[in-house]
Amino acid sequence: MDRDQTEHLDIERRTMLKGAGALGLGALASSAALAGIGEAFAADDHSMHHGHATGAKNAKMIEALHNCMRTGDDCIHHCLIEFKAGDTAMADCARIVLETGAFCAAHAKLVTMDSAYMKELCELSIKMCGACEKECRKHEKKHSTCKACADACADCIKECKSYLKA
């Protein structure tokens, strides 16, 4: 092997190691972020069970929002499996479930803080969960994860409407 080839291989190795390092750091950061989210939800659950937080008065809504996130995660996992198999028919479903899950996470956290924006959060939740439910219902006969996600969205809508009537 001549000098140019050796230098080229060294550059490729360095590039690969940098990429692997960046990938590892990304995984570590994601893991830390998820652990932080899990701790926040555990704190919410602790407060709900003991009734010493403002969120306890909206415990049913918080549980519905958390259930929406959990079933949404299952739905996304299922979508990824479908994507790997070459089926992209659920791409719209995956996008809307991701958006709705992110919103539900924020909404649940703000409920525990008895946010001044509860009315607006519930109104937006009804819209977002309604769109997610509608999309997931398209796939519910074929995929049980889609049905579970749609049902969880329906529960969120019910709790938000109940809050708005109170």
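Among the residues in the range 66-88, are any closer than 19 Å to Lys127 by Cβ, without any contact (Cβ under 8 Å) to a residue 60 or more places away in the chain and not aliphatic (A, V, I, L, M)? Spell out how you get there, then give the answer.
Pass one, the range 66-88, residues closer than 19 Å to Lys127 by Cβ: 67-69, 71-72, 75.
Filter once more, keeping what is without any contact (Cβ under 8 Å) to a residue 60 or more places away in the chain: 69.
If we keep only those that are not aliphatic (A, V, I, L, M) too, we end up with none.
No, there is no match, as no residue in the range 66-88 is closer than 19 Å to Lys127 by Cβ, without any contact (Cβ under 8 Å) to a residue 60 or more places away in the chain and not aliphatic (A, V, I, L, M).
Picking from Ala152, Ala108, which residue would you name as being in contact with a His (Cβ under 8 Å, 6 or more places away or on another chain) and of a type outside the set (Phe, Trp, Tyr)? Reasoning before the result, please.
Details: Ala152 fails: in contact with a His (Cβ under 8 Å, 6 or more places away or on another chain).
Ala108 is the lone residue from the list that is in contact with a His (Cβ under 8 Å, 6 or more places away or on another chain) and of a type outside the set (Phe, Trp, Tyr).
Taking the conditions exactly as written (assigned to a helix (DSSP H, G or I), in contact with a Phe, Trp or Tyr (Cβ under 7 Å, 6 or more places away or on another chain) and surrounded by 15 or more Cβ atoms within 10 Å (Cβ to Cβ)), does Cys122 satisfy them or not?
When the stated conditions are applied, Cys122 passes them.
Condition first: at pLDDT 95 or above and under 17 Å from Ala154 (Cβ atoms). Now tell me which residues in the range 76-98 satisfy that.
Scanning the range 76-98 gives Ile96, Val97.
Yes/no matrix, rows are residues, columns are (1) in a helix (DSSP H, G or I); (2) farther than 19 Å from Asp74 by Cα; (3) touching a Pro at 6+ places or on another chain (Cβ under 7 Å); (4) among the charged types (D, E, K, R):
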residue: His107; (1), (2), (3), (4): yes, yes, no, no
residue: Glu135; (1), (2), (3), (4): yes, no, no, yes
residue: His139; (1), (2), (3), (4): no, no, no, no
residue: Ala148; (1), (2), (3), (4): yes, no, no, no
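Being touching a residue at least 40 places away in the same chain (Cβ under 8 Å) and more than 19 Å from Ser125 (Cβ to Cβ) is the filter here; which residues of the range 90-112 pass it?
Matches in the range 90-112: Met90, Asp92.
The values are calculated or read from the model by the stated rules, or taken from the named source; none is laboratory data. Since the structure is predicted, the reported quantities are computational estimates derived from the model, not experimental observations. Counting neighbours? That spans all protein chains shown, and the Cβs are built from the backbone with ideal geometry, glycine included.
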